[in-house]
Amino acid sequence: MAGPDALHVLPLTGIPEVTEGLDLAGALVGAAERWGGVQDGDVVVVSSKLVSKALGLRHEAPTDRLDVVREHTVRVVAERLTPSGLTQVVESVAGPVLAAAGVDASNTGAEDAVLVLPRDPDRAARDLHRAVRAHLVAGAGDVARFGLLLTDTAGRPWREGQTDLALGACGMVVLEDLRGAPDADGRTLSVTSRAVADELAAAADLVKGKASGVGAVLVRGVEALVLEAPGDGARRLVRTGPGDWFALGHREAVRAALGAPPGSTAAQEVGLPGVVPESAEQRAGRATALALLGHEGVRVSGTVVDGFVVRAPDPVLAGRVAARLEVALAGEDLRAGVGVVSGTGDA
């Protein structure tokens, strides 16, 4: 697929404050008139927040925001205590892995309210695409071929900061598979697939963004990505299940293996890691609680510097907890000796 000669990212300004029931499609079409209307090959990129507001996906002053997050969570990937409370990175019902399942308290248009994502973002994108198309038919009768993206903001492993990604899509290619094609030197590409929908979402965010007050843009110059049919949708870009190499954070993987998976009561009982630096003693205490989880009649003493001793009347039980403690300490990035004393007094 040849690259465009030029790419234009055009802000759709003048959209009124979006409230439940607003004709968002009509507002988008009206805002596009500044740029000559929605033209053939354009992609309309809309913040999911606008769609959530128009659909009334709002929780007014929730008693516990975590309850709302849990309602929109498939599984917890990682969790940390922060100065403002618990933050969880989860696989959301909407599809992507996001902090707090995409539950958002910023720019909600109402004090103490939170917005949630559409449960089926691709369906929401198809519905909005259909509504925009209807307005174009009513206005001119000659309907342009266009794509539509719903976007949301997410962090990324191993990278600082956030960027926008494609949450829902209709009428456009979302993944450009280059496997089998030659590169510029004539070598055959074997693994390259470009997440073009995510690339467009990130480019659009340079013009909209949370602080600008612009919630939608037109991207012009990517005609090759626009389809006549709805296309696969953005859920195709979500990698979960067997293809997910990073299903849990490294601490969460250890804790889950020892009986305290993220999001569980057991995880809270043994203590949750924090985002602020913690002392070796704090981490060792959490590792000890994790090692002892579900094992009665065992005592652990010692320090990271001097090593730990596990005492139990049954040598098998003592050895089991000692092995668990070694793993739990490694999960907290600690290394310390672990010895065993059984009821017979043997070490």
I'd like to check which strands (runs of 3 or more DSSP E) are fully inside segment 1-64 and have at least 2 residues that are modelled with pLDDT under 95. 58-60
Pick from Leu117, Leu98: which is modelled with pLDDT of 95 or more and either crowded, with 22+ Cβ neighbours inside 10 Å or in contact with a Gly (Cβ under 8 Å, 6 or more places away or on another chain) (or both)? Leu117
Filter result (of a type outside the set (S, T, N, Q), within 17 Å of Asp112 (Cα to Cα) and surrounded by fewer than 22 Cβ atoms within 10 Å (Cβ to Cβ)) within segment 21-64: Gly56, Leu57, Arg58, His59, Glu60, Ala61, Pro62, Asp64
Out of Val217, Val310, which single residue is within 30 Å of Val46 (Cβ to Cβ) and modelled with pLDDT of 95 or more? Val217
Check segment 216-223 and report whether any residue there is in the same structural domain as Ala32 (by TED's automatic domain parsing), in contact (Cβ under 8 Å) with a residue 60 or more places away in the chain and in contact with a Ser or Thr (Cβ under 7 Å, 6 or more places away or on another chain). yes
For segment 279-288, state whether one or more residues are in contact with a Leu (Cβ under 7 Å, 6 or more places away or on another chain), hydroxyl-bearing (Ser, Thr, Tyr) and surrounded by 14 or more Cβ atoms within 10 Å (Cβ to Cβ). yes
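The values are calculated or read from the model by the stated rules, or taken from the named source; none is laboratory data. The shown structure was predicted, so the numbers you read here are calculated from the model rather than taken from an experiment. Don't worry about glycine lacking a Cβ; one is built from the backbone with ideal geometry, like all the others, and counts go over all protein chains shown.
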